[in-house]
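For reference, the structure discussed in these notes is given below.
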Amino acid sequence: MRFKVVTVAFVSLVAIFAVYFFYPANNVEAPRVQQDLTNKRIIPGDLRTNQSKDLVQLNSIKYGENLVRKLDTDSSIGVIQHKTKVKSHYQERQATVKFKEKPSPEKIKLIYNDIDGEVAKQLDSTYIFKSKSLTTPQLLSYFNSREDIEYAEPNYIYLQNEIVTDDEFYQQYQWNLPAIRTEKGWEITRGNENVIIAIIDTGIDMKHPDLAQRLVEGHNILNDTPFPNDDNGHGTHVAGIIASETNNGVGVAGMTWYNKIMPIKTMNADGYGTSFDVAQGVRWATDHGADVINLSLGNYKESKTLAEAIDYAYEKDVILVAASGNDNTNQISYPAAFDKVLGVAAVNTNLERADFSNYGDYIDVAAPGVDIASTYINNQYASLSGTSMATPHVSALAGLIRSSQPELKNSEVIQLIKDSTDDVGRPGKDEYTGNGVINVAAALDSSYQKKKPFGKLGEWFNLNGK
């Protein structure tokens, strides 16, 4: 009898050991789905999803090019022509000014008289001054001559990095998720609602059926209200790539099942916003609990105001991810080129650099960015291309890693994403795809092994120090 009891106990222990050893710890909040256990990628196009038939048919003329032309001819916009033939833009008759110490009301009034203007916006000791008669270069000359100024710069304009396409609009599949092994990664985690991903963009369609249940409080920086509604479509498309409701029988599948989205509106209906507003959006998101910040926008001039906001967020352990741009140029693009930001390039269905994707030493990783189906304004769906579409894939991966292993610091998550990529270009890091194309399964597996090298067995015997 005693032998039988010992045998049953032994068998039970082996069974428990098997379950805990082969099923790693995670933050999955739903039953596991059956996945193909092969380590090979699924070939793009092999997997078809139950995607909505209501894909929006958009104009095939590249929206970004039209926007640049519009800005070029707008008298309220200044233009900086770079040697590489790309352009940067700024708000004419405005200057972003940071004082060494916050000025008194009396000093501000004197400045008003000197520049024939007023304060348009203000955050701490940084001000946007607007003049009725002085140009931006004249304003910069005035402020930079003052001893109480830390720096003065144009109020740069940041454009969404999106290209609108219609040549593959009606293909009823999402090639992007299996291409980066997302489904295999879902075996480890599908996200956690406590890990928040902020989207600094044109806002989000707050009533979209595939997004409405995934939102937390956001903010409209443009008019200082809690209503970041999307009147452009770009922000809603970015959000859907990250968090469109998955496994609900309609629309498209997002990369995360549970992570919450924080919508921050810093760009207008035309799809552009200023460096000051983007910086303010980064700070607002950081102060309100964002774990990851997605920046699908860019400009070719470095903004000190935005750099300070990036530093602020990074010091508070936030992961920042930004698009490299769509001009097929090696002109350095910001904020993607900042050291504390993950710069993202785009690849096509062959996992090769998309022909529009910017390149350079500042590219860290690449992700799918061609013909990406996602949510769109007015409860619709659309297929868009651009590094704007590649960037949220990386932001979503960062959110999944933090869902699985919240103990990891932002620097650890960033390095893990770089180290777990698939090298698709020249051996090693290259200027076109950086360290390679992200691999969701490899990254999540590495994050799990990094903190729990013995899997559940380690937790069972408390070998991980918990």
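List of remarks:
- Qualifying residue in the stretch 326-344 (condition: in contact with a helix residue (DSSP H, G or I) (Cβ under 7 Å, 6 or more places away or on another chain) and at pLDDT below 95): yes
- Members of the stretch 363-385 that are among the polar types (S, T, N, Q), at pLDDT 90 or above and open to solvent by less than 10 Å² (accessible area, probe 1.4 Å): Ser374, Thr375, Ser385
- The set of residues from the stretch 84-135 being in a loop (DSSP other than H, G, I, E, B) and closer than 26 Å to Asp72 by Cα comprises Thr84, Lys85, Val86, Glu92, Arg93, Asp116, Lys132, Ser133, Leu134, Thr135.
- Candidates Met255, Met262 - the one that is in contact (Cβ under 8 Å) with a residue 40 or more places away in the chain, in a loop (DSSP other than H, G, I, E, B) and of a type in the set (A, V, I, L, M): Met255
- Residue check for Leu416: surrounded by 17 or more Cβ atoms within 10 Å (Cβ to Cβ), among the hydrophobic types (A, V, I, L, M, F, W, C), more than 16 Å from the chain's Cα centre (by Cα) and within 14 Å of Asp364 (Cα to Cα): yes
- Any pair with Cβ under 6 angstrom, 6 or more apart, that starts in the stretch 106-120 at a residue that is over 18 Å from Asn144 (Cβ atoms) and ends at one that is of a type in the set (A, V, I, L, M) and in a strand (DSSP E or B): Ala120/Ile128
- The condition (being open to solvent by less than 10 Å² (accessible area, probe 1.4 Å) and under 16 Å from the mean Cα position of the chain (by Cα)) is satisfied by just one residue among Gly360, Gly399: Gly399.
- Of all residues in the stretch 233-268, exactly one satisfies the criterion of being surrounded by fewer than 22 Cβ atoms within 10 Å (Cβ to Cβ) and under 20 Å from Lys121 (Cα atoms), namely Asn268.
- Gly289 being modelled with pLDDT of 95 or more, open to solvent by 10 Å² or more (accessible area, probe 1.4 Å) and at positive phi: yes
- Filtered residues of the stretch 204-232 (kept if among the hydrophobic types (A, V, I, L, M, F, W, C) and part of a loop (DSSP other than H, G, I, E, B)): Met206, Leu211, Val216, Ile221, Leu222, Phe227
- Any hit, the stretch 270-277, residues being assigned to a loop (DSSP other than H, G, I, E, B), closer than 18 Å to Ser395 by Cβ and open to solvent by less than 10 Å² (accessible area, probe 1.4 Å): no
- Residue in the stretch 219-228 that is more than 19 Å from Leu295 (Cβ to Cβ) and buried (at least 19 other Cβ atoms within 10 Å of the Cβ) present: no
- Near pairs, Cβ below 6 angstrom, 6+ apart or cross-chain, from the stretch 399-413 (touching a residue at least 40 places away in the same chain (Cβ under 8 Å) and more than 18 Å from Gly289 (Cβ to Cβ)) to any residue that is assigned to a helix (DSSP H, G or I) and open to solvent by 10 Å² or more (accessible area, probe 1.4 Å): Gln405/Lys451
- Among residues of the stretch 419-434, those that are in contact with a helix residue (DSSP H, G or I) (Cβ under 9 Å, 6 or more places away or on another chain) and open to solvent by less than 40 Å² (accessible area, probe 1.4 Å), counted: 3
- Within the set Asn348, Asn330, the sole residue that is out of contact with any Leu (no Cβ under 8 Å at 6 or more places or on another chain) and more than 24 Å from Arg181 (Cβ to Cβ) turns out to be Asn330.
- Filter result for Asn294 (over 25 Å from Tyr151 (Cβ atoms), surrounded by 19 or more Cβ atoms within 10 Å (Cβ to Cβ) and in contact with a Pro (Cβ under 6 Å, 6 or more places away or on another chain)): yes
- Considering Ile77, Ile149, the condition of being at pLDDT 95 or above, among the aliphatic types (A, V, I, L, M), open to solvent by less than 70 Å² (accessible area, probe 1.4 Å) and touching a strand residue (DSSP E or B) at 6+ places or on another chain (Cβ under 9 Å) is satisfied by Ile149 alone.
- Within the stretch 423-438, residues that are among the hydroxyl-bearing types (Ser, Thr, Tyr) have Cβ atoms under 6 Å from residues that are assigned to a loop (DSSP other than H, G, I, E, B) in these pairs: Tyr432/Tyr359; Tyr432/Gly425; Thr433/Val424; Thr433/Gly425, counting only partners at least 6 apart in sequence or on another chain.
The values are calculated or read from the model by the stated rules, or taken from the named source; none is laboratory data. Values in this document were obtained by computation on a predicted structure and should not be read as measured data. Glycine also receives a Cβ, built like all others from the backbone with ideal geometry; neighbour counts cover every protein chain displayed. The protein model used for the area step is the full one, side chains on, heavy atoms only, and it has no ligands, DNA or RNA in it. Shrake-Rupley method; radii C 1.70, N 1.55, O 1.52, S 1.80 Å.
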